[in-house]
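Okay, structure first, notes after.
Each reported figure results from applying straightforward, stated rules to the coordinates on display, with no laboratory input. Note that the structure is a prediction, hence the values are computed from the model and not measured. Here the Cβ positions follow ideal geometry from the backbone for every residue, glycine too, while neighbour counts run over all protein chains shown.
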Amino acid sequence: MIVLEKRPQPSQAWSLATPVLAVLATMLFGGLLFAVLGKNPVEAIRTIFWDPLFGEFAFYYRPQLLVKGAPLVLIAIGLSLGFKAGIWNIGAEGQYIMGALCGAGIGLAFYPLDAVYVFPLMVLGGAFGGWAWAMIPAILKVRFGTNEILVSLMLVYVAEQLLASMSLGLLKNPEGFGFPGSRNLNEYASATSWISQDIGMHWGVVAAFIAVIFAYVLLNRHMLGFHIRLTGDAPRAARFAGVRPARLILFCLGTSGLLAGLAGLFEVAGPAGQVSIDFNVGYGFTAIIVAFLGRLHPVGILLAAGLMALTYIGGEIAQSQLGLPAAAIQVFQGMLLFFLLALDVLTNYRIRMRMREVA
Amino acid sequence: MDLSSINPVLLVASLMVAATPILLAAIGELVVEKSGVLNLGVEGMMITGAISGFAIAVETGSPFLGFLAAALGGAVLSLLFAVLTQLALANQVASGLALTLFGLGLSALMGQRYVGIKPPPTPDLDIPILSDIPVIGPILFGHDPVLYLGIAIVALVWVMLKFTRAGLILRAVGESHDAAHALGYKVVRIRILAILFGGACAGLGGAYISLVRVPQWTEGMTAGVGWIALALVVFASWKPWRVLLGAYLFGGITVLQLNLQAAGVAIPVEYLAMSPYIVTILVLVILSRDKSNAPASLGRIFHASR
């Protein structure tokens, strides 16, 4: 009979090995899935994981890696802080939308003024929008003990409706011939987040790297980071150590909202260009997978976001070249999280064979 | 604006239809949570049920086979969650989220060929005399069988939890899995069964949306109903009849806002469409104070050390 024996301490080696194993298992089963869909599995996997990096048109796809990876890193870094402490912000998608709306709103209000302070103000607006939206579940949780998972998620749907309302109403391009969607911020030099479009550099990429360093320092060198880790590992001990849960909730949700809002702002002012009904593409949810795949560790998240960005880009190539349905990539990403969670048992437990004893 | 165009009898009748998906999903989740497991994958199981039910109903022409397939589809997906959380001892919150993300993708993949198709209609119960009674007839006797099944499941769950030995064991497992284990109950097995039941109910609820309520297939059509169902279990403080009450309340809000949209109220459509979600948050705020009814082992991992 197979029994699980709890390790005295989580295994370091397995903790590093499981994400790699999970990726390999996902490739294997993803290949099977593609085969069921009638595609050549080897070709599909190669198109997704190899072609964007080393294929014939890699020069075009490589910059995309930064563009798709940056929002994932920003959001996942924020989420990981809360996840470590057992504070579950599931509504990053909503905070991302609100950040984009607030930031773009400021930019559009200044149009067509040409000034250096327009973009910094937009950044502040984006951060504020995401932060404020995340403060709703935070304050409700602190004040009334409301479940932050449900509230933050409900707010995603509210934000989506707000987005629709804004792109059809208040923020609609007055010269857009009645089409929904705002002015294109890429055509407004003071408001664009692009640094160089050719290499995929925009301010969001810079912010993502800063966020990684910030999170690393916070978690390893700062008391607050220690409190976050302590609360996650041993909530009772944390209380005895004088950690104030309310402060932690406000900080974790606030920071993750702020970063998600920033991600939204950089996206709307750069790669997306405009506020439109289908502006959000699910980065807020994919970032949850990224956070787990990166083991809630800043550097891990950086790598995981790169991998997820790769599946996005590779998925698009596979869509156009092999006719692989867009949803297949979503299944692929979900599968990855499954394998990761399942294999994680090896980090915390030892598998032992034992004869069944008589009770 | 013309509020007189809203017919109260039709409003109540359609309220019951709107409430049924939430009701089915929530009563299933109630049983799961009573066994001490928090499955956040309701949305994923619902949407999987919605497409499996829709596909089978279209292929076979029988909506009832469709509902059967939906229950099966939801249960199969929940089995993944059961394996993750009960056998691999994974974190329940993360696993539930994974289930939702996976279910949304899987359903979109399965549903590609079914966009824009009409499913076979689910016949209403037409009881000769009863259904013709004005007012009461259309409200009480003019619905499809699945709606009544939903109410019957609520009643059965209530009886099971309150009066039977099986219900007692289920509650014991949810309150203290260590004590239940010491008494010799198979904690993991009981929880897996509860999770499967929850999955089947969520699947039925999803199929009710795609086969009766809408009825057609669009990607992501459950639009948060699964999450509302989760909130509803908290709202009902884990009591079956209060799930029914809550579901009708939410159904009422949904239908009313749709009616107001149709009646051309001066509030923009988007703000009306937000209302069910905002009401859910408000209800959570009002009722979250009292958590004394929550199963004591909810969300905790059970590992029998010996």
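So here's what we get for this one:
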item: Kirkwood estimate for segment A:210-320, i.e. one over the average of 1/r between Cα atoms, Å; result: 16.1
item: Percent of alpha-carbon pairs separated by more than 24 Å within segment B:11-133; result: 37
item: Shape parameters for chain B, alpha-carbon atoms, Rg then Dmax in Å; result: 19.5, 69
item: Rg and Dmax [Cα atoms of the protein assembly as shown; Å; Rg one decimal, Dmax integer]; result: 25.0, 82
item: Charged-residue dipole, Cβ positions (Lys, Arg, Asp, Glu), segment A:1-160 about Cα centre, Debye nearest 20; result: 440
item: Diffusion constant of segment A:1-132 at 20 °C, which comes from Stokes-Einstein with the Kirkwood Cα-pair radius and 1.002 mPa s, µm²/s; result: 111
item: Span-rule helices in chain B, defined as complete DSSP H runs reaching 30 Å or more along the axis (Cα) with Kyte mean at least 0.0; result: B:8-34, B:187-208, B:240-263
item: Segment B:222-298 - Rg over Rh from alpha carbon coordinates, Kirkwood radius; result: 1.05
item: Principal axes of segment A:114-202: Cα extent on each, largest first, Å; result: 46, 30, 25
item: Per-residue [θ]222 nm for the protein assembly as shown (sum of -39500 (n - 2.57) over DSSP H runs n ≥ 4, rounded to 500); result: -22500 deg cm²/dmol
item: Longest site-free stretch - chain A; sites: trypsin sites (Lys or Arg not before Pro), DSSP loop, at most 14 other Cβ within 10 Å; result: A:1-353
item: C-alpha long axis of helix A:203-221 to longest principal axis of chain A, angle in °; result: 40
item: Longest exposed-site-free window of chain A, the sites being chymotrypsin sites (Phe, Trp or Tyr not before Pro) in a DSSP loop that have at most 16 other C-beta atoms within 10 Å; result: A:178-359
item: Stretchable slack from A:Glu175 to A:Leu24, in nm (0.36 nm times residue separation minus alpha-carbon distance); result: 49.4 nm
item: Cα centroid separation, segment B:1-68 to segment A:1-73 (Å); result: 35
item: Which of B:Leu97, B:Val187, B:Ile133, positive extreme of dipole for chain B (C-beta unit charges); result: B:Val187
item: Cα convex hull of segment A:163-232 - mean projected area over all directions, nm²; result: 8.2
item: Subset of A:Lys141/B:Lys239; B:Lys34/B:Lys186; B:Lys162/B:Lys186; A:Lys6/B:Lys239; A:Lys6/A:Lys84 violating a 25 Å alpha-carbon distance limit; result: A:Lys6/B:Lys239
item: Stretch in chain A that is longest and holds no GluC sites (Glu not before Pro) that DSSP places in a loop and that have at most 11 other beta carbons within 10 Å; result: A:176-356
item: Top positive-direction residue, dipole computed over the protein assembly as shown with Cβ charges, set B:Ala26, A:Thr311, A:Ser193; result: B:Ala26
item: Cα point-scatterer Debye curve for chain A, base-10 log of I(q)/I(0) at q = 0.06 Å⁻¹; result: -0.24
